[in-house]
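Student: Okay, here's the structure, questions in a sec.
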Amino acid sequence: MKKKKHVEVWENCLKVIKDNIPLQSFKTWFEPIVPLKLDNNVLTIQVPSQFFYEWLEEHYINLLKKTIKKEIGPAGRLEYSIIMDNRGLTDQPVSVKYPTSNKNAVHNRPTPMPVNMSSRDVPNPFIIPGLKKLKIESQLNDAYSFDNFVEGDCNRLARSAGWAIAENPGKTAFNPLFLYSNVGLGKTHLAHAIGLQVKENHPEKTVLYVQTDQFIQQYTDSVRNNNQNDFVHFYQMIDVLILDDIEFLAGKEKTQDTFFHIFNHLHQNGKQIVMTCDKPPVEMKGMEPRLLSRFKWGLAADLQVPDLETRINILKRKMYVNGIEMPDDVIEYLAYSITTNIREMEGALISIMAHSSLNKKEITIDLAKQMIDKFVKSTAKEVSIDYIQKVVCDYFDLPVGVINAKTRKREIVQARQLAMYFSKKHTKSSLATIGLHCGNKDHATVLHAIRTINNLIETDKQFKGYVDDLDKKLKR
């Protein structure tokens, strides 16, 4: 049986669209669409919801227009038929027709659109009082996606749990998900990524990211305006609530009490809760015991300091996203120098790029050292033992790992002794710590290495030249 014209046209459009967007996006946003009719060069397609229509208009309108004109001709146009919930009036859903890129709806028939008054009348604390806004803005940052989140041993558990939640929010054992770590290690990024992925996978769900100090201020305003019930009711409507920096609730007894009731309602109704904190639940002070016990119901996952490989990958990802190029030795220097805060490491990267661009200077190790001294004073004041090992091994064209290898080869033993010597000279680490990082040796071995290097400097002119060269590379 021959396909109807509108079906054939839409299938041809889909072939083009599929080649131009990621497969997951195609499955999410285009497979559910049903072509209805083709009349006077106007193709009408049916989409499942108002949100669906808005997403297509915002993200894919240009692609849709080009594809429609290619298939139908220059006069080709697109029109949406949106299925709207009509409970309480008839058993059938009402269709509302929207022409493309025109936000004024044209109704198929003059049927009044029902509104669930119990939810729509609740004030939204995120908008100015008196302004009508039915759509809740999620407050998510598109840059903080899973695609931009670099996975490593330091965050694998937290990321895996976050991904599972995004696939099936509220239905996993990870509810609530409690993410904790020191500052600058990716808690907020992961929290946003979970929210963004939920919206991608479940466009019908209401996702809200809110900083705890904002939540506290809204509660204070609701008390002042005597509408606490509206405040609570608003938050109880959220499908996925992401609360950042939950530690700010400490000591706020009334706000904690209100959050306790919101938490209970969401959890009991299968809604997802994600929280971030700078410490694990067991170390939190000033929190109600009944609230703390609920924080432990799901999964508490920490994000640790990333290892060297992960830090390098984070910098490379940041450069790729921003279209930046930089020499490998500068990237490695940054990764070696700033070890405890990803945010500061990325900040130093941007500072180097800005300084190079504005002053038309070539990006070199020297420039990187200047920027780190200037912009990241809280870290990188001393060279790390790892970086010293790398510089020594690069100088003698040896793989970094050989310093820790159990071997008596002369060149490797000498490289290890030099690494120990410079670690003592350029860091505040104890002899025991240096030995631990240099092949798991004891402090006596480190002391012997330092004496050996000092003797060679005094007796071997060529060796002294090696030491002076390496010293210049390591000095700030």
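The values are calculated or read from the model by the stated rules, or taken from the named source; none is laboratory data. Everything numeric in this text was worked out from a predicted model, so none of it was measured. Quick reminder, even Gly has a Cβ in these numbers, built from the backbone with ideal geometry, and neighbours come from all protein chains shown.
Student: Assess whether Asn227 counts as being surrounded by 17 or more Cβ atoms within 10 Å (Cβ to Cβ), out of contact with any helix residue (DSSP H, G or I) (no Cβ under 7 Å at 6 or more places or on another chain) and on the phi < 0 side of the Ramachandran plot.
Tutor: yes
Student: List the strands (runs of 3 or more DSSP E) inside segment 234-352, counting only whole elements, that have at least 1 residues being among the acidic types (Asp, Glu) and in contact with a helix residue (DSSP H, G or I) (Cβ under 8 Å, 6 or more places away or on another chain). Break it down stepwise before answering.
Tutor: Details: elements: 240-244, 272-277, 299-302.
Because the criterion is at least 1 residues that are among the acidic types (Asp, Glu) and in contact with a helix residue (DSSP H, G or I) (Cβ under 8 Å, 6 or more places away or on another chain), the strands (runs of 3 or more DSSP E) in segment 234-352 that meet it are 240-244, 299-302.
Student: Output the number of residues of segment 15-74 satisfying the condition of being among the hydroxyl-bearing types (Ser, Thr, Tyr) and either in a loop (DSSP other than H, G, I, E, B) or touching a Phe, Trp or Tyr at 6+ places or on another chain (Cβ under 6 Å) (or both). Full working, then the answer.
Tutor: Just the residues of segment 15-74 that are among the hydroxyl-bearing types (Ser, Thr, Tyr), to begin with: 25, 28, 44, 49, 53, 60, 67.
Next cut, either in a loop (DSSP other than H, G, I, E, B) or touching a Phe, Trp or Tyr at 6+ places or on another chain (Cβ under 6 Å) (or both) only: 49, 53, 60.
Of the residues in that region, 3 qualify.
Student: Another question, then. From the list Asn201, Asn182, exactly one residue is in contact (Cβ under 8 Å) with a residue 40 or more places away in the chain and within 22 Å of Lys279 (Cα to Cα). Which is it?
Tutor: Working: Asn201 fails: within 22 Å of Lys279 (Cα to Cα).
The unique qualifying residue is Asn182.
Student: Something else: Can you find a residue in segment 121-133 that is modelled with pLDDT under 90, part of a helix (DSSP H, G or I) and within 24 Å of Phe234 (Cβ to Cβ)? Steps first, answer last, please.
Tutor: To start, the set of residues in segment 121-133 that are modelled with pLDDT under 90 comprises 121-133.
The next check asks that each one be part of a helix (DSSP H, G or I); those that pass are none.
So far as segment 121-133 goes, no, none of its residues is modelled with pLDDT under 90, part of a helix (DSSP H, G or I) and within 24 Å of Phe234 (Cβ to Cβ).
Student: For the condition touching a helix residue (DSSP H, G or I) at 6+ places or on another chain (Cβ under 8 Å), without any contact (Cβ under 8 Å) to a residue 40 or more places away in the chain and within 19 Å of Lys473 (Cα to Cα), what is the one hit in Ala432, Ala415? If you could, list the steps in order and put the result at the bottom.
Tutor: Details: Ala432 fails: within 19 Å of Lys473 (Cα to Cα).
Residue meeting the stated conditions: Ala415.
Student: Please indicate, with yes or no, whether at least one residue in segment 442-460 is in a loop (DSSP other than H, G, I, E, B), within 30 Å of Asp366 (Cβ to Cβ) and among the charged types (D, E, K, R). It would help to see each step written out before you state the result.
Tutor: As a first pass, look at segment 442-460 and keep what is in a loop (DSSP other than H, G, I, E, B): 442, 460.
Restricting the remaining residues to those that are within 30 Å of Asp366 (Cβ to Cβ) gives 460.
Filter once more, so that each one left must be among the charged types (D, E, K, R): 460.
Yes, that holds for at least one residue.
Student: Identify all residues within segment 175-201 that are part of a helix (DSSP H, G or I) and of a type in the set (Ser, Thr, Tyr); write none if there are none.
Tutor: In the first step, residues of segment 175-201 are kept if they are part of a helix (DSSP H, G or I); the result is 187-201.
Residue satisfying the conditions is Thr188 alone.
Student: Given the conditions (1) surrounded by 14 or more Cβ atoms within 10 Å (Cβ to Cβ); (2) over 30 Å from Lys171 (Cβ atoms), which single one is not true for Leu299?
Tutor: (2)
Student: As an exercise: evaluate Ile342 against (1) within 22 Å of Ala191 (Cβ to Cβ); (2) surrounded by fewer than 18 Cβ atoms within 10 Å (Cβ to Cβ); (3) at pLDDT below 85 and give the number of the one condition it does not meet.
Tutor: Failed condition: (2).
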